[in-house]
């Protein structure tokens, strides 16, 4: 695209224009993808709750038994049009700038993540050498947005929920960041593109424990699944965005859904090998052997989206299946379990990585095989240990509650 | 180091702020505007609002933020270590082990003192 | 005017303007937000100085953690929205001190800059051009190696850990449980 503009303006401006258009294209694509993401999530959620999900809106042939083949694919578009036509209510006494900027900040923090996401070997916004650190830095902007929404709304519920959200977001950021250190350590790079290229064997097979920590804390960072107690959409008012309506409310929703999908995307990139196609050597893709580089890029893009959709599906599964946590349980789980576990996990992986010779230069599937197998065995041992600890904690908790609720029966039949 | 990747980040920053702003602006233009004193009241489950919400918090929140800052700074120290880990010796691992162990001991102390209990 | 100079001017305006608003606003919460703008400008300046890791760390630690801590400290304050007017009789004295400090900085920095070889550094763009020998090829790797190198920064690295440990224990002493039984918000009538 740079070449196209060079006919009109100087080289510097041509680069600038190409980058500007690229930025708007990636950002818009991200936001529009949300429409598909919301439809997918509603469809899957419907199945989990034994119903059909959206199935009316859209064009399609009528099938047997009066069932349509429309699958409600236009539901999100209808919702989009509806939300554009809603009244924008700003209640009395709000702090105008804080209130209006908050949804923009929250959306920004998610869209900005897409700048460093490698969609394919050659398709990436920009390949920063501090990519992973950038992902964390951008996440912090969302925390500020939540706080601004809570404070700006002139509502006690908003304020309390906003600051509770902040407590949750900052708490779960620690295990998430420590989990991110593991791929950085194994790939020896913070660039998202290099991390993908180094996954001759996807990291999820070598360090499943890290993947689990990442998914749990990511789900909590996103404020959904079992960690959505601040929004509690089926029980209480909507948390920090109770006062928002129209598109401002829509932006909070968009950012939540986009964040969920982006989390799937990040899981695919950091742990599932990103755009790498299994058993296809890296240089075929990089040099465009046999198929040409555009086709390889396209295949890689499809591969990445499929992997991201799998991870996204797992996250929806968790969201739809597990019951909501209580705030003290939520914070206890993080500080007393997840944070120490993630740090110990990091040390164990680092130790094993150093103990196996040849891990400092992994350039093929064969190089990666032995470290991956050893790490997998060590991870399995860790899973057993963690399982034993958790089972013991559960037993203690049951005994404690039993002693409080039924003091007389406990003495008659002591646990264990 | 070239600044070129960061030009994109800067432009992306502008784009990602502009897109939601445009959406919200379009909603403001398209939507009806019928102000109403009851509609514009802060929503507190139907009860009329009493007092200002901008009141004093208790110090509980502050401890979480403090512990968070400590671990955040720690992780920032670990980033260059993890990045350069393949060219470091076993001694570097031992140093980081001490580094993390000290913080885990501190976390254990904080937990034992029940400072992270939500009450 | 080069692009870098333009970006530098924008970022400086953010940093200084944000800082200015922090001390003049009469709303503590807004002051915290302006502080974040100011810190963000500093992060941008780090990136402009080809230290992107430092810039990102500035955002992670200062905006993502310390500014949030300051916000929570602000929420502990009983009077957030109605601070007294900052323009008291003292402000001319403060302004004079600021001017004196600024002149002092200029007089200290100018000889250093001349020594570094940038004649007339105020008007030149020499300082933004890196020579290949000055900058390590991979700054983060160098940082990582030197941080744990026993001959370089091993001791500060470990001392940092002790410092962080002390900060956590301090946090416990600050809010010892059992001494507070108030509700989450005290002032709800």
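Residue by residue, here is whether (1) crowded, with 18+ Cβ neighbours inside 10 Å; (2) closer than 23 Å to residue A:174 by Cβ; (3) more than 8 Å from every other protein chain (Cβ to nearest Cβ) holds:
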{"residue": "C:29", "(1), (2), (3)": "yes, no, no"}
{"residue": "C:65", "(1), (2), (3)": "yes, yes, no"}
{"residue": "C:68", "(1), (2), (3)": "yes, yes, no"}
{"residue": "C:77", "(1), (2), (3)": "no, no, no"}
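Among the residues of segment A:127-145, those that are modelled with pLDDT under 90 and either more than 7 Å from every other protein chain (Cβ to nearest Cβ) or surrounded by fewer than 23 Cβ atoms within 10 Å (Cβ to Cβ) (or both) comprise A:127, A:129, A:131, A:139, A:141, A:142. Considering A:160, A:169, the condition of being within 11 Å of chain C (Cβ to nearest Cβ), part of a helix (DSSP H, G or I), modelled with pLDDT under 85 and over 26 Å from residue B:5 (Cα atoms) is satisfied by A:160 alone.
Being more than 14 Å from chain B (Cβ to nearest Cβ) and modelled with pLDDT of 85 or more, is that true of even one residue in segment C:107-116? Within segment C:107-116 (the criterion being more than 14 Å from chain B (Cβ to nearest Cβ) and modelled with pLDDT of 85 or more), the answer is yes, since at least one residue qualifies. Please verify whether segment A:255-263 includes one or more residues that are in a loop (DSSP other than H, G, I, E, B), under 12 Å from the mean Cα position of the chain (by Cα) and at negative phi. For segment A:255-263, residues in a loop (DSSP other than H, G, I, E, B), under 12 Å from the mean Cα position of the chain (by Cα) and at negative phi: absent.
None of A:296, A:275 is more than 28 Å from residue A:105 (Cβ to Cβ), at pLDDT 85 or above and not in a helix (DSSP H, G or I) except A:275. Quick check, is residue A:267 buried (at least 24 other Cβ atoms within 10 Å of the Cβ), in a helix (DSSP H, G or I), modelled with pLDDT of 85 or more and in the same structural domain as residue A:306 (by TED's automatic domain parsing)? Answer is no for this residue. It is to be established whether one or more residues within segment C:82-103 are at the interface with another protein chain (Cβ under 7 Å from one of its Cβ atoms) and either over 12 Å from the mean Cα position of the chain (by Cα) or exposed (fewer than 12 other Cβ atoms within 10 Å of the Cβ) (or both). Checked against the condition, which is being at the interface with another protein chain (Cβ under 7 Å from one of its Cβ atoms) and either over 12 Å from the mean Cα position of the chain (by Cα) or exposed (fewer than 12 other Cβ atoms within 10 Å of the Cβ) (or both), segment C:82-103 yields no hits at all. On inspection, residue C:10 passes the criterion of being more than 15 Å from the chain's Cα centre (by Cα), modelled with pLDDT of 90 or more and in a helix (DSSP H, G or I). Residues of segment B:71-119 that are surrounded by fewer than 19 Cβ atoms within 10 Å (Cβ to Cβ), touching a residue at least 24 places away in the same chain (Cβ under 8 Å) and at the interface with chain C (Cβ under 8 Å from one of its Cβ atoms): B:119 alone. When you look at residue A:291, is it part of a helix (DSSP H, G or I), free of Cβ contacts under 8 Å to residues at least 12 places away in the same chain and surrounded by fewer than 20 Cβ atoms within 10 Å (Cβ to Cβ), yes or no? In short, no. Screening residue A:111 with (1) assigned by TED's automatic domain parsing to the domain that holds residue A:300; (2) in a helix (DSSP H, G or I); (3) under 30 Å from residue B:36 (Cβ atoms) gives one miss only, at (3).
Condition (residue is in a loop (DSSP other than H, G, I, E, B) and surrounded by 15 or more Cβ atoms within 10 Å (Cβ to Cβ)) applied to segment A:31-54: is it met by at least one residue? Yes, some residue in segment A:31-54 is in a loop (DSSP other than H, G, I, E, B) and surrounded by 15 or more Cβ atoms within 10 Å (Cβ to Cβ). When residue A:360 is tested against (1) part of a helix (DSSP H, G or I); (2) not assigned by TED's automatic domain parsing to the domain that holds residue A:181, exactly one condition is not met: (1).
Suppose we filter A:134, A:200 for residues that are in contact (Cβ under 8 Å) with a residue 12 or more places away in the chain, part of a loop (DSSP other than H, G, I, E, B) and farther than 25 Å from residue B:62 by Cβ; which single one remains?
The conditions single out A:200.
Going by the structure shown, is residue A:317 touching a residue at least 12 places away in the same chain (Cβ under 8 Å) and surrounded by fewer than 18 Cβ atoms within 10 Å (Cβ to Cβ)? Answer is yes for this residue. Filtering segment B:41-63 for residues that are at pLDDT below 90, under 16 Å from residue C:164 (Cβ atoms) and in contact with a helix residue (DSSP H, G or I) (Cβ under 6 Å, 6 or more places away or on another chain) leaves a non-empty set.
The values are calculated or read from the model by the stated rules, or taken from the named source; none is laboratory data. It should be emphasised that the depicted structure is a prediction, and the values quoted were computed from it without experimental measurement. Methodologically, a virtual Cβ is constructed for each residue, glycine included, from the backbone with ideal geometry; neighbour enumeration extends over all protein chains shown.
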